[in-house]
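Structure, as structure tokens:
The values are calculated or read from the model by the stated rules, or taken from the named source; none is laboratory data. Since the structure is predicted, the reported quantities are computational estimates derived from the model, not experimental observations. When we count neighbours, we look across all protein chains shown, and the Cβ atoms used for this are built from the backbone with ideal geometry, even at glycine. The accessibility values were calculated without ligands, DNA or RNA, using every heavy atom of the protein model including side chains. Shrake-Rupley method; radii C 1.70, N 1.55, O 1.52, S 1.80 Å.
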Amino acid sequence: MSLTTSYWRLNDVADVITLEPPRINVDIWVCAAWVIINGSNSDWAEVMSGVPQGSILGPLLFTVYINDLDDRLINRVLKFADDTKIWGRVNSNEERSLMQEDLRILSEWSDSNAMPFNVSKCKVMHLGKKNIKGEYVLKGQKLTKTNEEKDLGVFFSESYKPSLNCNKVSKSANKIIGLIRRNIVNKTKESMLILYKTLVRPIIDYCIPVWRPYTKKDIGTLEKIQKRFTKMIVGCKSLSYEQRLKKLSLTTLEERHSRADLIQTFKVLSDKKEIYPAEFLTRVSRESRGNSMKLYKKRNSLELSRHSFASRVVDLWNNLPDKVVLSADVNDFKSRLDYHMREVREQKQANS
């Protein structure tokens, strides 16, 4: 059968080459289907294309089939289901040649496994100021350059700043808010909070540790979403934003995103399946004041690095007490963290 997958090529301080959907001919599976209408069955028909939907073994067998994709590649590879990213540093012609060599190896692999790439959908994204922005060729065709790309639901641009995704999220969330405003007549606190937490907030929260905004403009763009929604609720229109949050038992999105960062940090430090690289977050080796699981903060000269997840969570995590960081599991951590953040918030309000 034929399967469609999407392949990416990402050069970390240089280029992102999106090797997107190749047509994959897999002889290992024989897939057939029938249709039932009003109790009558059709004859069996062979399925010639598409990933088997609802199949348990299908995705697993596909993953096994492409598992050796990166065996001979020089640069690093990240694979998630049928999405693959290859990335590496490209600051010189020699490093560009290594990337081009990886493309040649991929081409050979696709030929030997009867899985030709759809080169017309492959793209290149150049990252970094020192990028030589070279051209790449796959199967005799020049790869298209792109300035922005959507990866697993998050938009990334050449600058790698979160502004692009922030604007996309704001647009999507405001569409839902407009739909609710026009169609919901009874805008009581109970019903509106259910709608907000079900339809709006998940759009904002999606993968927030990856793209969390750090500029005042972007933070304000997201906060306006919650400001707009809470103002629609009965009895809240004349209140200030802080008063609305208190009445609705909500926090600012900035505080909620800090919570999400800390939860993700706990997951990384509690990682027993070795999903994350060992050097992703570094524990302090010597004893010091504060909690017993303090993190080491690396020096970063670039603004983008200073506001990256691995850097911005250090101070937040190091300020937590032992009773929070030594939680037994994620659910226990969430409960203790919420209680701690509530105490801190109430103390600030009492002092102001």
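Kindly indicate whether residue 320 is under 26 Å from the mean Cα position of the chain (by Cα), modelled with pLDDT of 85 or more and part of a helix (DSSP H, G or I). Considered against the rule, which asks whether it is under 26 Å from the mean Cα position of the chain (by Cα), modelled with pLDDT of 85 or more and part of a helix (DSSP H, G or I), residue 320 comes out as no. For residue 176, indicate whether it is in a helix (DSSP H, G or I), more than 20 Å from residue 259 (Cβ to Cβ) and in contact with a Leu (Cβ under 6 Å, 6 or more places away or on another chain). Against the criterion (in a helix (DSSP H, G or I), more than 20 Å from residue 259 (Cβ to Cβ) and in contact with a Leu (Cβ under 6 Å, 6 or more places away or on another chain)), residue 176 qualifies. Please tell me if residue 182 is open to solvent by less than 80 Å² (accessible area, probe 1.4 Å) and charged (D, E, K, R). So residue 182 fails the test. Applying the set (1) loosely packed, with under 13 Cβ neighbours inside 10 Å; (2) within 24 Å of residue 218 (Cβ to Cβ); (3) of a type in the set (Val, Ile, Thr) to residue 314 leaves exactly one unmet item: (1). Candidates in segment 132-162 are the residues that are in a strand (DSSP E or B) and polar (S, T, N, Q); of these, the one that is least open to solvent (accessible area, probe 1.4 Å) is 157. Contact map, segment 285-301: residues that are farther than 17 Å from residue 325 by Cα paired with residues that are open to solvent by 100 Å² or more (accessible area, probe 1.4 Å), Cβ distance under 7 Å, separation 6+ or inter-chain. Pairs shown: 300/306.
Looking at residue 101, is it in contact with a Ser or Thr (Cβ under 9 Å, 6 or more places away or on another chain), more than 30 Å from residue 235 (Cα to Cα) and among the charged types (D, E, K, R)? If you could, list the steps in order and put the result at the bottom.
Numbers: in contact with a Ser or Thr (Cβ under 9 Å, 6 or more places away or on another chain): no; more than 30 Å from residue 235 (Cα to Cα): yes; among the charged types (D, E, K, R): yes.
Spelling it out, it is not the case that residue 101 is in contact with a Ser or Thr (Cβ under 9 Å, 6 or more places away or on another chain), more than 30 Å from residue 235 (Cα to Cα) and among the charged types (D, E, K, R).
Quickly run through segment 153-185 and pick out the residues that are touching a Phe, Trp or Tyr at 6+ places or on another chain (Cβ under 6 Å) and of a type in the set (A, V, I, L, M). Within segment 153-185, 154, 164, 177 meet the criteria.
Just one of (1) part of a helix (DSSP H, G or I); (2) in contact (Cβ under 8 Å) with a residue 12 or more places away in the chain; (3) surrounded by fewer than 19 Cβ atoms within 10 Å (Cβ to Cβ); (4) not small (Gly, Ala, Ser) fails for residue 165. It is (3).
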